[in-house]
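> Structure incoming, see below.
The values are calculated or read from the model by the stated rules, or taken from the named source; none is laboratory data. As the structure is a computational prediction, the values presented were derived from the model and not from experiment. When we count neighbours, we look across all protein chains shown, and the Cβ atoms used for this are built from the backbone with ideal geometry, even at glycine. These area figures cover heavy atoms from the full protein model, side chains too; ligands, DNA and RNA do not enter into them. Shrake-Rupley method; radii C 1.70, N 1.55, O 1.52, S 1.80 Å.
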Amino acid sequence: MSYYAEEVAKWAISLDFNDIPQDVINIAKHCLSDWTGISIYGSMAPWSQAIASIVKDEKGKEEASILADGAKIPAPNAALVNGVMTLSYDLSDTFFETALHPSCGIISSALATAEREKASGENLLTSIVAGYEVTERIGRALNKPPQRLTSSKGFEANALIPSFGATVAASKLLKLNQEQTANAIGLSSCSATGGLIEYLIDGNWTYRWNAGKAGHDGVLNALMAQRGFVGPHAVFEGHWDDKGRYGIINAFTGSINTAPEITRDLGQKWHLRDIGFKYYGCCHYIHGFTDGVLRLMKQNQIKPDSIEEITCFLPHMTLFLAVPRRIKAKPANLTISQWSLPFCLAIAIIDGHLLHPAEQLSQERLNDTKVLELAQRIKGELKEELDDVIEKEHVLQSPFKLKLKDGKEYEAATSCKGFLSNPLSEEEADFKFNALASKILSKEKVANLYSMLNKIEEIEDISKLARAMCR
């Protein structure tokens, strides 16, 4: 009998750079570039600096770099810090169907391991592809709508699921065999906590920590397996009984019915083609409204001061963006504001963008009278028909009604910006990278870094790229 972890391991170790379609390689390169820009930008966040100070104090073997900072520390700790940086301002890539932000854990793990092993650019990209493909499949088993089997129980999907992809990526870079890789996959969820979503109301910092922990555990799991540490090969389905009683699928879903998703079309269908890239520093469910309103204002030359009211129509799944009203209309801190439709939309309307959340969602702006007054005039309203669109078409439509003070009304609907139905242009992707990275690095360093990322297949030792990511 072959277990799912063994099948995944067999596929992962056999995956060769030349087996991957060119368009998928290009997407993986974009994922790496996007991760680099947002992680460097995220280095300024207080939670990033707190974690960095701890691991730097602990010191240890100089294996991998802390982005922007340049300090070299043990690879698992580098993945931890860099992963926290990645999710610092909620700008990371997203699998829409599973609500996962894969780059935080996977690329943080892959880059740290690649630098430790002095791996090539081709090997790094191959490991990233492997990590993403595994993560999305496990996500479909655990967190696919409409059930959201992980998140609906209060667990942070981004703490649990990308850890598997991060482990696969690190295992591939360490050149583990099938047995070792299966052991590493088995270790991914058996001793680490799943993480909780208990940050949406008070805005505590665990959202960022969850992402970094996934990267850290990915490296550590692979290193443990390399040293002979044995993990359960039946981690997904369990082998105690036919109910999968002690497997992770049953533990989170109450059955093993979704387990086949883990290997479905593995090596034939490339889920990386479904990845979305954010253009606004907030929950991706807000992006459609933001893009639609900004586009409507530009087309009709509407000024922020002329807006009387905006009504955004939401399915049940995203109603939390607008309620409870007292928290969403006047968020207490940056983290809460990033899940506030009224506040984020108000900021974007006044500023014309939301690509500098560190400043735009700072405590000063959270108390900005002009923004708060506009946020009070933006509301969310349940529209149950949108539930079917999400479940059947896997598209989040963002319909809204905008009313001006002179009585004129507009209606429009836009899908999430940055996703397949409304993708970023090449110019927008370039602008995002430069806008974020240039907040920390000089223009010369940003230009050099971007050039290296575009030619990553030619890099023989990824350490050169890691150095270019630092001041």
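> From ARG264, ARG245, grab the single residue that is open to solvent by 20 Å² or more (accessible area, probe 1.4 Å) and in contact with a Lys or Arg (Cβ under 7 Å, 6 or more places away or on another chain).
None of the other options fit; the residue is ARG264.
> Could you list, in sequence order, all residues of the stretch 329-342 that are open to solvent by 10 Å² or more (accessible area, probe 1.4 Å) and either basic (Lys, Arg) or in a loop (DSSP other than H, G, I, E, B) (or both)?
If the condition is that a residue be open to solvent by 10 Å² or more (accessible area, probe 1.4 Å) and either basic (Lys, Arg) or in a loop (DSSP other than H, G, I, E, B) (or both), then LYS330, ALA332, ASN333, TRP339 are the ones that fit.
> Moving to a separate point now. Please find, within the stretch 93-111, the residue that is modelled with the lowest pLDDT out of those that are of a type in the set (A, V, I, L, M, F, W, C) and out of contact with any Leu (no Cβ under 8 Å at 6 or more places or on another chain).
Ranking the candidates gives ALA99 first.
> If I go through the stretch 2-44 residue by residue, how many of them are more than 19 Å from the chain's Cα centre (by Cα) and hydroxyl-bearing (Ser, Thr, Tyr)?
Going through the stretch 2-44 one residue at a time, the tally reaches 4.
> Hey, LEU345 hits all of (1) touching a residue at least 60 places away in the same chain (Cβ under 8 Å); (2) touching a strand residue (DSSP E or B) at 6+ places or on another chain (Cβ under 7 Å); (3) crowded, with 17+ Cβ neighbours inside 10 Å; (4) closer than 17 Å to LEU321 by Cβ but one; which does it fall short on?
(1)
> Among the residues of the stretch 316-326, is any open to solvent by less than 40 Å² (accessible area, probe 1.4 Å), out of contact with any strand residue (DSSP E or B) (no Cβ under 7 Å at 6 or more places or on another chain) and either among the acidic types (Asp, Glu) or not in a helix (DSSP H, G or I) (or both)?
Looking for residues that are open to solvent by less than 40 Å² (accessible area, probe 1.4 Å), out of contact with any strand residue (DSSP E or B) (no Cβ under 7 Å at 6 or more places or on another chain) and either among the acidic types (Asp, Glu) or not in a helix (DSSP H, G or I) (or both), one finds none in the stretch 316-326, hence no.
> Anything in the stretch 350-393 that is open to solvent by 40 Å² or more (accessible area, probe 1.4 Å), under 24 Å from PHE433 (Cα atoms) and of a type in the set (A, V, I, L, M)? List them, or say none.
Of everything in the stretch 350-393, just one residue is open to solvent by 40 Å² or more (accessible area, probe 1.4 Å), under 24 Å from PHE433 (Cα atoms) and of a type in the set (A, V, I, L, M), namely ILE350.
Here's the yes/no breakdown for (1) within 23 Å of ALA157 (Cβ to Cβ); (2) at pLDDT 95 or above:
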residue	(1), (2)
ASP242	no, no
GLY247	yes, no
CYS282	yes, yes
ARG325	no, no
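> Output the number of residues of the stretch 51-61 satisfying the condition of being touching a residue at least 12 places away in the same chain (Cβ under 8 Å) and out of contact with any helix residue (DSSP H, G or I) (no Cβ under 6 Å at 6 or more places or on another chain).
Summing the residues that are touching a residue at least 12 places away in the same chain (Cβ under 8 Å) and out of contact with any helix residue (DSSP H, G or I) (no Cβ under 6 Å at 6 or more places or on another chain) in the stretch 51-61 gives 5.
> Still on this model: Restricting to the stretch 417-471, and then to whatever is of a type in the set (A, V, I, L, M) and farther than 20 Å from LEU91 by Cβ, can you tell me which residue is surrounded by the fewest Cβ atoms within 10 Å (Cβ to Cβ)?
Residue satisfying both the conditions and the ranking: ALA447.
> Filtering the stretch 369-420 down to residues that are hydroxyl-bearing (Ser, Thr, Tyr) and in contact with a Gly (Cβ under 9 Å, 6 or more places away or on another chain), which residue is nearest to SER337 (Cα to Cα)?
Restricting to residues being hydroxyl-bearing (Ser, Thr, Tyr) and in contact with a Gly (Cβ under 9 Å, 6 or more places away or on another chain), the top hit is SER398.
> Also, I was wondering about something else. Only one of (1) free of Cβ contacts under 8 Å to residues at least 40 places away in the same chain; (2) touching a Phe, Trp or Tyr at 6+ places or on another chain (Cβ under 9 Å); (3) among the hydroxyl-bearing types (Ser, Thr, Tyr) fails for SER255. Which number is that?
Of (1) free of Cβ contacts under 8 Å to residues at least 40 places away in the same chain; (2) touching a Phe, Trp or Tyr at 6+ places or on another chain (Cβ under 9 Å); (3) among the hydroxyl-bearing types (Ser, Thr, Tyr), only one is false for SER255: (2).
> So, one more: Suppose we keep only residues that are under 16 Å from the mean Cα position of the chain (by Cα) and part of a loop (DSSP other than H, G, I, E, B) within the stretch 115-149. Which one would you say is nearest to ARG467 (Cα to Cα)?
ASN143
Yes/no per residue for (1) farther than 14 Å from LEU294 by Cα; (2) in a helix (DSSP H, G or I):
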{"position": "CYS344", "(1), (2)": "no, yes"}
{"position": "ARG365", "(1), (2)": "yes, yes"}
{"position": "LEU374", "(1), (2)": "yes, yes"}
{"position": "LEU386", "(1), (2)": "yes, yes"}
{"position": "ILE390", "(1), (2)": "yes, yes"}
{"position": "PHE400", "(1), (2)": "no, no"}
{"position": "TYR410", "(1), (2)": "no, no"}
{"position": "LYS417", "(1), (2)": "no, no"}
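> Another one. Could you check, for the stretch 441-449, whether at least one of its residues is outside any helix (DSSP H, G or I), modelled with pLDDT of 95 or more, within 24 Å of ALA45 (Cβ to Cβ) and in contact with a Lys or Arg (Cβ under 7 Å, 6 or more places away or on another chain)?
yes
> Here is a follow-up. Residues in the stretch 93-103: is at least one over 26 Å from ILE197 (Cα atoms) and touching a strand residue (DSSP E or B) at 6+ places or on another chain (Cβ under 6 Å)?
no
> Now a separate question. Mind listing just one residue for me: the one in the stretch 104-131 that is in contact with a strand residue (DSSP E or B) (Cβ under 7 Å, 6 or more places away or on another chain) and not basic (Lys, Arg) and, of those, surrounded by the fewest Cβ atoms within 10 Å (Cβ to Cβ)?
Only one residue fits best here, namely GLU115.
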